[in-house]
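The structure under discussion appears below in the form of structure tokens.
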Amino acid sequence: MNEFSRGQKGKLADLGCNSPITVELDIAAGGMSVDVSCFGVDSNDKLSDERYMVFYNQLASPEGAVKLELGGKPRFTLNLEALPASIMKLVFVAAIDGNGTMRTIGPSALTLSSTVRFAWSGADFQDEKAVIVGEIYRKDNVWRFGAVGQGFNGGLSSLLAHFGGAEAAPAATPTPAPAAVPVPAAKPVSLSKVTLDKRGDKVSLDKRGARGFGPIHVNLNWNQNATPPAPAKTGFLAKLTGAAASTGIDLDLGCMYEMADGRKGLVQALGNAWGELDRPPFIKLAADDRTGQTKEGENLHINGDHFNDIKRALIFTFIYKGAPNWSATDAVVSIKMPDQAPIEVRLDGGGNQMMCGIAMIENVGGSLQVTKLAEYFAQDGKTSAHEMMDRKFGFGLRWTTGRKD
């Protein structure tokens, strides 16, 4: 591993970085919300094509040249050959969302394809709200990496303006492009994001289409490396039992639902209750990862075009294994749908209870309302944590012991 210091540069080929290249940001945020982004800029250091800003609201550039996976450690995957000739530099930044300054950041690092590590921390900064961590740039037709570590006074919106990008105004009416311009201008970047900070915080969204809300994507992600994995068993018996395959934190995502006609049920991996997307309950859980190591976390899909058939859905998660308490998970849930700002809920409370009711999604007069619950539940005698949560929110389901297999 090559240890870089601020200002150090090197050719990717000399550093052993081969395509696809990964850029992972490990940021000790200390409870703050920090957004990471990649700006693809031209020879004038300007974001002349806003499709090449990759962040929480735009997870991939055209042709998949730059992709972002969010989670405990955000990771960019780069296919430099797919970038257009106009993109001369990829700038990787981190910006605090909300209160706090960069001086409170703990020991952090940018890792490039497991071959280069650039360590930095809040001790390098004062009251800046953001930092330009590093950049991959093209010089003399050769791609290189530079460790920057430069503080920036503004947040993500100021960074966007610094690189010449335009922020989308929520209520603005688009201006038609002149007829003489053959290619329309890129759509301005929307930096809007709704974070439900406190228990009981809620947001209400109206339909943007004639039928409904379109596909609703609920993602649960966490820091898979927050707790050191237990030593894996080895040997012949381990291969037979699969004991060596699962050592990380494994959180499971699920939901209790109530349909408009009164039917109630459960969608989760335990008991193989995966749900259905094109018929009731119009809610489906993606394939469960039993290792707890997938970068995509856990994913639940709701058919928003049938939202009128759904009365409410309680989104929950539980610690299946690998973490002693919720503070060790650094878990976050995001809810996304077309043409709406993403909604983010952090699991920033709880103790050693195994179950958390995260958020309630409700149909309120045709609007979609999301409320942060952050309610934690533990087993009480023979009453499971699932049933304790059910009693709290009044779904009235019948409970039996379930397994993932």
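Take Lys295 and tell me if it is touching a strand residue (DSSP E or B) at 6+ places or on another chain (Cβ under 6 Å), modelled with pLDDT of 55 or more and in a loop (DSSP other than H, G, I, E, B).
So Lys295 passes the test.
Anything in region 46-91 that is over 23 Å from Met337 (Cα atoms), exposed (fewer than 15 other Cβ atoms within 10 Å of the Cβ) and of a type in the set (Asp, Glu)? List them, or say none.
Within region 46-91, just Glu81 meets the criteria.
I'm trying to understand the selection: among the residues of region 13-23, which are at pLDDT 95 or above and either buried (at least 18 other Cβ atoms within 10 Å of the Cβ) or on the phi > 0 side of the Ramachandran plot (or both)?
Of everything in region 13-23, those that are at pLDDT 95 or above and either buried (at least 18 other Cβ atoms within 10 Å of the Cβ) or on the phi > 0 side of the Ramachandran plot (or both) turn out to be Ile21, Val23.
Yes/no matrix, rows are residues, columns are (1) closer than 30 Å to Met32 by Cβ; (2) assigned to a strand (DSSP E or B); (3) of a type outside the set (S, T, N, Q); (4) modelled with pLDDT of 60 or more:
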| site | (1), (2), (3), (4) |
| --- | --- |
| Gly146 | yes, yes, yes, yes |
| Gln150 | yes, yes, no, yes |
| Ser157 | yes, no, no, yes |
| Gly164 | yes, no, yes, yes |
| Pro178 | no, no, yes, no |
| Val183 | no, no, yes, no |
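So, Val23, is that one touching a residue at least 40 places away in the same chain (Cβ under 8 Å) and either part of a strand (DSSP E or B) or of a type outside the set (Gly, Ala, Ser) (or both) or not?
yes
Report, by residue number, each residue of region 365-379 that is over 25 Å from Phe213 (Cβ atoms), part of a strand (DSSP E or B) and among the hydrophobic types (A, V, I, L, M, F, W, C).
Within region 365-379, Phe377 is the sole residue that qualifies.
Return the total of residues in region 92-128 being open to solvent by 40 Å² or more (accessible area, probe 1.4 Å), over 26 Å from Arg346 (Cα atoms) and either in the same structural domain as Asn299 (by the TED database) or within 21 Å of the chain's Cα centre (by Cα) (or both).
Here the count works out to 0.
Specify which of the listed residues (Lys311, Lys336) is of a type in the set (Lys, Arg) and over 30 Å from Ala168 (Cα atoms).
Lys311
If a residue must be out of contact with any Leu (no Cβ under 7 Å at 6 or more places or on another chain) and more than 15 Å from Met256 (Cα to Cα), how many such residues does region 345-370 contain?
13
Based on this model, can you work out whether Ile87 counts as touching a residue at least 40 places away in the same chain (Cβ under 8 Å), part of a loop (DSSP other than H, G, I, E, B), under 30 Å from Asn44 (Cβ atoms) and of a type in the set (Val, Ile, Thr)?
Yes: the conditions hold for Ile87.
For region 185-215, how many residues are modelled with pLDDT under 85, open to solvent by 90 Å² or more (accessible area, probe 1.4 Å) and among the basic types (Lys, Arg)?
Final tally of qualifying residues: 3.
Out of region 1-25, which residues are closer than 19 Å to Ala119 by Cβ, more than 30 Å from the chain's Cα centre (by Cα) and aliphatic (A, V, I, L, M)?
Answer for region 1-25, where residues must be closer than 19 Å to Ala119 by Cβ, more than 30 Å from the chain's Cα centre (by Cα) and aliphatic (A, V, I, L, M): there is none.
Only residues in region 249-276 that are assigned to a loop (DSSP other than H, G, I, E, B) count as the first member; pair them with residues that are of a type in the set (Val, Ile, Thr) and surrounded by 14 or more Cβ atoms within 10 Å (Cβ to Cβ), Cβ under 7 angstrom, at least 6 apart or cross-chain, and list the lot.
If the second residue must be of a type in the set (Val, Ile, Thr) and surrounded by 14 or more Cβ atoms within 10 Å (Cβ to Cβ), the pairs left are Ile249/Thr227; Ile249/Thr329; Ala260/Ile310; Trp274/Val267.
The values are calculated or read from the model by the stated rules, or taken from the named source; none is laboratory data. Quantities reported herein were computed from a predicted structural model and do not represent experimental measurements. Here the Cβ is made from the backbone with ideal geometry for all residues, glycine too, and neighbour counts use every protein chain on show. Each accessible area value is taken on the protein alone, full model and side chains, heavy atoms only, with ligands, DNA and RNA left out. Shrake-Rupley method; radii C 1.70, N 1.55, O 1.52, S 1.80 Å.
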